[in-house]
Amino acid sequence: MPKKKLLQADYILAWDNAPEIISQGEIVIEDSLITYIGPRLERREKDFEEIIKGRDNLIMPGFINTHTHAAMSLFRGYADDMALMDWLNNKIWPAEAKLRKEDIYWGTMLAIAEMLRGGTTCFADMYFHMDEAARACLESGIRASLAQGLTGLDKIKGMAGLKEGSSLVRNWHNKGDGRITVMLGPHAPYTCPPDYLQKVLEKAADLDVPIHIHLAETRAEVKECLSKYGKTPVELMEEIGLLDHRVLAAHCVHLTEKEIEILAEKETAIAHNPGSNLKLGSGTAPVAKLLEKGVPVGLGTDSAASNNNLDMLEEMRLAALLPKGLLENPTVVPAETALKMATINGADALFLSNEVGILKKGAKADLIMFNLNQPHFYPRHNILAHLVYSARSADINLVMVNGTVLMSDGELLTIDEERVFFEAQLRATRLVY
Ligand SMILES: [Zn+2]
């Protein structure tokens with residue numbers, strides 16, 4: 001007998017080509033899958049091991065954070081208001097040199113606690129000692145796509161990293177009831193020369209996993225790439241053949257028209273990180289144009305060291321507001337599009353289309369519930385707009401991943417937060433002194 005759960009709510013956000021709010025709806029979950037979503041039917045309570053009734057609540061797909069470095073939560077507030085390269089060279093990289101394996105586990109746990117509280121049910125991570133991050137995902141119950149961060153400036157280190165990244169694939173891909181998937185993570189064109197990227201590409205094809213890379217994040221990166229290779233970062237990636245593979249490219253802030261065309265043609269997935277790009281003064285990605293060309297753009301927070309939180313509601317709002325202000329056009333990136341970027345597009349970007357990011361029969365039960373009994377949810381003219389422009393992460397009272405409740409009534413059920421806070425503080429202090 002499969003374990004069945006019944007979730008009822010006053011509103012359920014379903015999405016079949018267009019968003020649809022099901023009033024007085026219900027969802028049936030068997031093991032990890034949604035087997036029914038629609039209006040309420042006659043049911044026998046005894047058929048269900050768990051029944052959740054969300055009066056004045058809304059159920060929607062969990063958010064998908066398409067780019068972060070979870071364990072960098074340990075550096076939150078350590079170095080702020082600095083330019084990217086100064087920040088990396090003089091603060092982050094020296095502190096990272098002191099990281100031990102267990103630090104990654106606790107830093108990732110801190111990030112997962114924050115993400116679950118904010119309604120994130122799946123995230124794409126790139127960092128070091130990723131076995132530890134995988135362990136944190138396995139234990140906490142969250143879904144993740146993990147990549148060992150690779151750099152190829154030093155040949156020996158580069159090859160050792162590639163070996164480690166490959167064994168992460170072999171040891172963790174599709175583990176945790178399929179919740180954990182793995183990509184290869186060459187850090188960026190400025191830390192991975194073309195011949196190294198070629199090797200990573202061959203390995204990714206061999207292992208049949210996608211690639212997660214930082215691309216065209218700052219103007220300085222583009223300038224360096226042009227002077228070194230006579231090509232912009234996206235053109236260089238195209239020349240190497242990287243974009244013929246499944247690629248998740250983070251940032252893509254500084255793009256030419258030609259590069260936008262290339263990304264559209266190659267269907268490269270993009271992780272748009274408006275908060276981090278703003279805070280590091282990197283600029284703003286041409287999101288409206290990318291979306292117009294049909295590029296799958298998801299949303300990411302980047303790390304808590306450059307954001308400084310992992311709140312997808314905030315990213316969603318920024319993604320909707322920024323282009324409106326920049327282009328002096330309030331019709332670009334409407335609420336519906338921003339919501340799609342945080343869910344459906346996120347799933348596309350992580351190559352998990354139709355599995356997550358959407359509530360429908362056959363999809364994984366990764367969902368969140370908002371308590372709408374709050375002043376900022378009234379009047380109920382347009383709940384979809386409320387989710388983007390008014391909702392707060394504190395409104396989220398239930399989080400489910402793969403059919404398992406991970407947060408209920410504001411309590412995390414799989415994470416001992418007090419212990420996580422203690423360990424994170426202890427380790428973060430050691431890293432910066
Ligand atoms: Zn990043």
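Only the coordinates and a few stated rules stand behind these numbers; no lab work does. In this text, all values refer to a predicted model and were calculated from it rather than measured experimentally. As a convention, Cβ positions derive from the backbone with ideal geometry for all residues, glycine included, and neighbour counts pool all protein chains shown.
In plain terms, the chain is cut at each of the GluC sites (Glu not before Pro) found in a DSSP loop with at most 15 other Cβ atoms within 10 Å, and the longest leftover piece is 50-266. Summarising the label geometry, the points placed 7 Å from Cα in the beta-carbon direction at Tyr78 and Glu30 lie 4.8 nm from one another. Each Lys or Arg adds one and each Asp or Glu takes one away; over the other residues whose Cβ falls under 15 Å from the Cβ of Phe48, this sums to 0.
Among rounded, prolate and oblate, which fits segment 275-433 when a ≥ b ≥ c are the square roots of the eigenvalues of its C-alpha gyration tensor, a/c under 1.5 means rounded, and a/b larger than b/c means prolate? Present the calculation step by step, with values, prior to reporting the outcome.
Numbers: a/c = 1.55, a/b = 1.19, b/c = 1.30.
Since a/c reaches 1.5 but b/c is at least a/b, the shape of segment 275-433 is classed as oblate.
The long axis of helix 194-207 is offset from the longest Cα principal axis of the chain by roughly 40 degrees. Each residue, Glu239 and Leu41, gets one label point 7 Å from its Cα in the Cβ direction; the gap between the two is 5.9 nm.
Using the beta-carbon distance between Lys155 and Asp409 and R0 = 56 Å, what value does 1/(1 + (r/R0)^6) give for FRET efficiency, to the nearest 0.05? My answer for the efficiency is 0.60.
Compute the relative contact order of the chain as a whole-number percentage, counting only Cα pairs closer than 8 Å that sit 6 or more residues apart in sequence. Please report the intermediate quantities before stating the final value.
Values: 947 pairs, mean separation 88.1, N = 433.
Normalised by residue count, the contact order of the chain is 20 percent.
Among Asn57, Asn402, Asn17, the largest mean-square fluctuation in a Gaussian network model of the chain (Cα springs under 10 Å) belongs to Asn17. Specify the inter-centroid distance of segment 56-86 and segment 1-48, based on alpha-carbon positions, in whole Å. Taking the Cα centre of segment 1-48 as reference, the centre of segment 56-86 is 31 Å away. Using the Cβ of Gly25 as centre and a radius below 9 Å, the other residues enclosed give a net charge of -1, where K and R count +1 and D and E count -1.
Excluding Leu278 itself, what net charge comes from residues whose Cβ is under 13 Å from its Cβ, given Lys and Arg +1 and Asp and Glu -1?
Surrounding charge for Leu278 is -4.
Compared with the dominant Cα axis of the chain, that is its longest principal axis, helix 155-172 is turned about 20°. Comparing mean-square fluctuations of Trp93, Trp172, Trp106 from a GNM of the chain with C-alpha springs under 10 Å, the top value falls on Trp93. Beta bridges per DSSP, both residues in the chain: antiparallel share near 50 percent.
Determine the dipole magnitude for segment 122-193: charges of +1 sit on the beta-carbon of Lys and Arg, -1 on that of Asp and Glu, nothing else is charged, the reference point is the Cα centre, and the result goes in debye to the nearest 20. If you can, show how the numbers build up before the last one.
Values: 8 positive and 7 negative charges, 36 e Å.
Once rounded to the nearest 20, the dipole reads 180 debye.
Rounded, prolate or oblate: pick one for segment 63-347, where a ≥ b ≥ c are the square roots of the eigenvalues of its C-alpha gyration tensor, a/c under 1.5 means rounded, and failing that, prolate if a/b is larger than b/c, else oblate. Because its axes are fairly even, with a/c under 1.5, segment 63-347 counts as rounded.
Order these by the 10 Å Cβ neighbour count, fewest first: Phe63, Phe370, Phe351.
Exposure proxy ranking, most exposed first: Phe351, Phe370, Phe63.
The residues Arg419, Arg135, when put in order of fewest to most other Cβ atoms within 10 Å, stand as Arg419, Arg135.
Taking the C-alpha atoms only, the angle from helix 130-140 to the longest principal axis of the chain is near 10 degrees. Separation of segment 228-268 and segment 287-354, taken as the distance between their Cα centroids, equals 19 angstrom. Over 26 Å between C-alpha atoms is what I'm after, so list which of Lys203/Lys364; Lys91/Lys155; Lys175/Lys360; Lys46/Lys364; Lys203/Lys231 land there. Lys203/Lys364, as the Cα separations exceed 26 Å there.
For the residues Gly185, Gly161, Gly357, a GNM of the chain with alpha-carbon springs under 10 Å puts the largest fluctuation on Gly161.
In the structure shown, do any of Lys3/Lys101; Lys228/Lys279; Lys4/Lys293 have a Cα-Cα gap over 31 Å, and if so which? In this structure, Lys3/Lys101; Lys4/Lys293 lie more than 31 Å apart at Cα.
A simple spin-label model places the labels of Leu138 and Phe48 3.3 nm from each other, with each point 7 Å out along Cα-to-Cβ.
With neighbours defined as other Cβ atoms within 10 Å of a residue's Cβ, the residues Lys258, Lys324 order from fewest to most as Lys258, Lys324.
Set the Förster radius R0 to 35 Å, insert the Cβ-Cβ distance between Ser227 and Glu164 as r into 1/(1 + (r/R0)^6), and round the FRET efficiency to 0.05.
About 0.65, to the nearest 0.05.
A simple charge model with +1 on the Cβ of Lys and Arg, -1 on the Cβ of Asp and Glu and nothing else charged puts the dipole of the chain at about 300 debye relative to its Cα centre.
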